[in-house]
Amino acid sequence: MSDTSTAATGPLGLFGGTFDPIHYGHLRTAFELLQALRLQQVRFLPTGNPPHREQTLADAEQRLEMVRVAVAGQPGFTVDDREVRRSGLSYSVDTLTELRAEFPQRPLCLLLGMDAFLGLPHWHRWRDIFDLAHVVVAHRPGWKAPTQGPLGELMVDRGTGAIRDLHDALAGRIFVHAVTQLEISSTELRQVILGGGDTRYLVPDSVRDLLRQLKCYAPRQ
Ligand code: ATP
């Protein structure tokens, strides 16, 4: 039985990504974190113009629509389109600053896969993120938690194994959580589509239908 006693006031989970396209690795991870951490909700934030990656293949509106159909009907999942609407580069620290102002009393949890967490020191004003939110790291196949360097030190200073700490403070802790390991990536999915393959059971049927309609990764005729 899930404990919903803190759900009304529980932390807000923020799951950013290019979602190019969204897949079950994202969705199952978000769902397990929603339940295990007793989050009030998980907000999916598709990035508009990602600073760290080469250009995405589906445009921002298409990626947003795929996220919308993927989470439709799931209680506790919502979509936030602010990064798609923002012009210029999207930085997580700007998004978190806005959300902190909107939710001054609610703990915020930035949800990251281990690969994304390892890249954190390259993010714009990355240390400021810990003044705005907790960082929750989901284990991802093939990636190990840092034990050295700036992230290793931060794990010692800010790491916690207690979910209570994510509810009691508004920001500042790091929590690593093991989730069901699904070795699915958007890169692999794009290759499947490019090779004429079927994405069934890797993405929700609603996303699969949309992918067929949009043809955003299909080879050019
Ligand atoms: P790409 O293959 O294009 O790099 P991706 O599959 O890693 O894409 P992103 O949209 O870049 O997807 O990821 C958004 C977030 O979801 C990141 O924090 C990433 O670590 C996490 N994530 C992606 N795939 C998985 C997965 N299979 N299991 C757990 N976390 C994942």
* Using helices alone, what [θ] at 222 nm do you get for the chain, with -39,500 (n - 2.57) per DSSP H run of 4 or more residues, divided over all residues and rounded to the nearest 500? -> -10500 deg cm²/dmol
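Restricting to the chain, what percent of DSSP beta bridges are antiparallel, rounded to 5?
About 0 percent, rounded to the nearest 5.
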* Asked: Just in segment 93-195: which trypsin sites (Lys or Arg not before Pro) are loop by DSSP and have at most 16 other Cβ atoms within 10 Å?
  -> Arg125, Lys144
* For Asp128, net neighbour charge (Lys/Arg +1, Asp/Glu -1) across residues whose Cβ lies under 14 Å away -> +1
* Can you give the Rg to Rh ratio of segment 84-206, both from alpha-carbon atoms, with Rh computed by the Kirkwood formula? -> 1.02
* To do: Mind pulling the angle between the C-alpha long axis of helix 24-36 and the longest principal axis of the chain? Nearest 10 degrees, somewhere in 0 to 90.
  => 30 degrees
* Asked: What is the spin-label model distance, in nm, from Asp168 to Asp115 if the labels are put 7 Å beyond Cα along the C-beta direction?
  -> 3.5 nm
* Using the Cα atoms of segment 98-154 to build a convex hull, what is its mean projected area in square nanometres? -> 4.2 nm²
* Asked: Once the Cα atoms of the chain are picked out, what are the Rg and Dmax in Å?
  -> 17.1, 55
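Only the coordinates and a few stated rules stand behind these numbers; no lab work does. Computed from a predicted structure; not experimentally measured. Note that we place each Cβ from the backbone using ideal geometry, even for glycine, and neighbour counts take in every protein chain shown.
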